[in-house]
Amino acid sequence: MKKTILISLILMITGSISAYSQDTIAGWTFPTGTTDDKYCNLGTDANVGSKDLRATDIEDNAREITYTETNGDYAAKAVHWENGKDTKYWMVRFDAENYKDITINSKQRSAGANPGPRDFAVDYKLGSAGDWQRLDTVVVKNDWTTGVVENLALPEISDTYPNTISVRWIMISDTSAYDSEVFEDGISWIDDIMITGTYVEPNPDPILAGWSFPNAFSTEYTPDTSIAENSDFELELINDNIGDAEAFNLGSGYSTYAAYASGWSDMSEQKYWMVKFKTDGYVNVYFSSRQSSKSQYPGPGSFVVQYRVGGGEWTDIEGAQVQVDDSWNTGVLENVSLPEICWDTTASVYLRWLSTSNTDFNGNALTDEDVSIIDDIRIRGEVNTIGTEDIEAPDKLDISPVPADDKLYVSSDEKFAQISVFSLRGKQIKTIEAANVRQLQINVANINPGPYVLRIKMEKGYIVTRKIVVM
């Protein structure tokens with residue numbers, strides 16, 4: 001019987017099993033016994049057919065996997081586990097974008113005549129550059145009932161997890177399932193790997209400026225996601241003692257990479273991370289960020305986030321005091337509202353994460369080696385449609401056809417200055433400089449189907465927004 005059928009029967013019979021009441025994000029059940037079974041065969045489109053199971057080690061030396069029948073079904077099998085304590089493991093990687101409450105299920109066996117490892121640990125890693133974190137240990141015997149991982153939950157870190165998560169089953173001793181030494185022909189099996197979670201609708205508000213540092217080799221710290229007006233603004237590290245910006249580096253972050261800086265000794269109220277951005281045309285502006293410290297050299301234990309508009313005074317943001325330790329769990333600010341003075345303004349808006357402590361989270365005095373880390377800074381807002389459509393809209397503004405599948409035609413009795421197409425998540429899809437014209441044709445044939453926002457800046461200076469649909 002194929003495993004997909006078996007799992008369906010289990011679902012129908014045992015609807016109370018919590019792992020399967022959630023959505024399947026990724027699953028490896030090895031239904032055919034062929035080499036294609038290494039690829040995820042259950043779950044989301046982002047994972048099925050592309051995310052694979054690996055038998056590897058800490059130096060990324062891959063070992064051969066075969067898919068053979070056991071107990072009337074197929075499972076993944078690998079050998080060469082000798083001398084593999086804390087180095088050799090099974091591993092899967094999957095995309096978990098827009099999911100929370102993630103759990104892991106699996107079962108393992110060490111074969112009879114040539115037993116593989118007995119002792120494994122289950123670890124997870126966030127993103128491609130994160131550090132492995134231990135979840136639990138599992139003892140494996142020559143059966144499919146002992147080495148079972150059931151509904152093992154990842155810790156709650158935020159509303160949703162980063163796009164990429166890795167899970168590994170790493171051997172933590174050189175002892176076999178028969179309490180002897182693991183030899184090179186020792187066999188380890190793994191089967192029915194199921195990753196489940198609860199889907200969360202993505203945030204529809206546009207990202208005005210976002211820094212998540214996807215590239216470790218970047219030397220320009222401009223946003224990786226932003227509207228056009230903010231694309232050139234960099235993250236900066238400011239030391240008021242010298243009145244200038246200081247250099248910083250990139251290292252392992254929450255999901256990919258993050259900004260690292262040392263030199264925080266006696267810098268309380270004087271040194272800070274800072275970003276600059278524009279909010280013209282956007283209201284209900286808010287931000288999120290994530291901070292941490294290096295484990296061996298933890299930086300300041302507390303920060304406050306402040307705002308400034310133009311050349312104004314720095315002002316504390318309500319609810320934006322944050323305690324920071326050496327994890328990614330504590331120093332998190334999510335969806336913190338900015339005051340209305342920061343909304344829909346042509347002036348530059350500044351945010352800074354100001355150190356408010358000369359000690360780390362353990363209460364130890366900071367040294368110049370201690371490191372502060374910041375990641376996943378996102379400024380979001382809602383497109384301002386209040387007033388622009390009724391009070392400041394031109395007398396005539398025609399947009400057709402809606403929905404459009406090839407060309408979109410925009411005309412007005414007033415002259416345009418610029419027209420932009422944005423996704424609902426704030427990604428700028430297309431911008432056309434349209435000075436001194438009242439009619440414009442926009443090619444949408446290469447835009448993915450879905451809803452978008454058309455942002456029209458008129459020659460007189462005001463902005464009109466309209467929702468459009470591309471087929």
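The values are calculated or read from the model by the stated rules, or taken from the named source; none is laboratory data. Computed from a predicted model, the values in this text were never measured in an experiment. Note: ideal-geometry Cβ built from the backbone for every residue, glycine included; neighbour counts use all protein chains shown.
Of the residues making up the range 60-69, at least one is over 18 Å from S166 (Cα atoms), of a type in the set (A, V, I, L, M, F, W, C), in the same structural domain as D192 (by TED's automatic domain parsing) and in a loop (DSSP other than H, G, I, E, B). Please tell me if K100 is assigned by TED's automatic domain parsing to the domain that holds D191, at pLDDT 95 or above and not hydroxyl-bearing (S, T, Y). The answer is no for K100.
Considered as a group, the residues in the range 198-223 that are under 15 Å from the mean Cα position of the chain (by Cα) and of a type in the set (S, T, Y) include one that is nearest to K278 (Cα to Cα), and that residue is S212. Beta carbons closer than 6 Å, at least 6 apart along the sequence or on distinct chains, pair a first residue in the range 438-455 that is outside any strand (DSSP E or B) with a second that is among the acidic types (D, E) for A445/D406. Of these, D205, D179, which one is charged (D, E, K, R) and buried (at least 19 other Cβ atoms within 10 Å of the Cβ)? It is D205. Among residues belonging to the range 70-94 that are in contact with a Leu (Cβ under 8 Å, 6 or more places away or on another chain) and either more than 24 Å from D131 (Cα to Cα) or outside any strand (DSSP E or B) (or both), point out the one that is modelled with the highest pLDDT. Looking at the filtered set, the residue picked out is A76.
Within the group W273, W264, which residue is modelled with pLDDT of 95 or more, crowded, with 17+ Cβ neighbours inside 10 Å and in contact with a Pro (Cβ under 6 Å, 6 or more places away or on another chain)?
W264
Return yes or no: is I442 modelled with pLDDT of 90 or more and surrounded by 17 or more Cβ atoms within 10 Å (Cβ to Cβ)?
yes
Scanning the range 231-250 for residues that are under 21 Å from E382 (Cβ atoms) and at pLDDT 95 or above returns a single hit, F233. Among the residues of the range 144-164, those that are in a loop (DSSP other than H, G, I, E, B), of a type in the set (A, V, I, L, M, F, W, C) and modelled with pLDDT of 85 or more comprise W144, L154.
Selection of strands (runs of 3 or more DSSP E) fully inside the range 232-313 by the criterion of at least 2 residues being touching a residue at least 60 places away in the same chain (Cβ under 8 Å) returns 249-252, 257-261, 271-277, 282-293. Within the set Y297, Y257, Y286, Y307, the sole residue that is surrounded by fewer than 23 Cβ atoms within 10 Å (Cβ to Cβ) and under 22 Å from the mean Cα position of the chain (by Cα) turns out to be Y286. Considering Y409, Y350, the condition of being farther than 23 Å from G251 by Cα, in contact (Cβ under 8 Å) with a residue 24 or more places away in the chain, under 27 Å from the mean Cα position of the chain (by Cα) and in a strand (DSSP E or B) is satisfied by Y350 alone.
Return a yes/no flag: does the range 49-59 have any residue that is assigned to a loop (DSSP other than H, G, I, E, B), touching a residue at least 40 places away in the same chain (Cβ under 8 Å) and crowded, with 20+ Cβ neighbours inside 10 Å.
Taking every residue of the range 49-59 in turn, at least one turns out to be assigned to a loop (DSSP other than H, G, I, E, B), touching a residue at least 40 places away in the same chain (Cβ under 8 Å) and crowded, with 20+ Cβ neighbours inside 10 Å.
Taking the conditions (1) more than 16 Å from W189 (Cβ to Cβ); (2) touching a helix residue (DSSP H, G or I) at 6+ places or on another chain (Cβ under 6 Å) in turn, P31 satisfies each one other than (1). Consider D368 carefully, then state whether it is at pLDDT 90 or above and touching a strand residue (DSSP E or B) at 6+ places or on another chain (Cβ under 7 Å). No; evaluated as a whole, the condition is false for this residue.
Among residues of the range 210-225 that are of a type in the set (G, A, S), none has a beta-carbon under 7 Å from a residue that is loosely packed, with under 15 Cβ neighbours inside 10 Å at least six positions away or on a different chain.
Checking the structure you have, find out if any residue of the range 4-16 is buried (at least 16 other Cβ atoms within 10 Å of the Cβ), assigned by TED's automatic domain parsing to the domain that holds L135 and either assigned to a loop (DSSP other than H, G, I, E, B) or at pLDDT 95 or above (or both). No, there is no match, as no residue in the range 4-16 is buried (at least 16 other Cβ atoms within 10 Å of the Cβ), assigned by TED's automatic domain parsing to the domain that holds L135 and either assigned to a loop (DSSP other than H, G, I, E, B) or at pLDDT 95 or above (or both). From the list A113, A96, the lone residue that is out of contact with any strand residue (DSSP E or B) (no Cβ under 7 Å at 6 or more places or on another chain) and either among the aliphatic types (A, V, I, L, M) or surrounded by 19 or more Cβ atoms within 10 Å (Cβ to Cβ) (or both) is A113.
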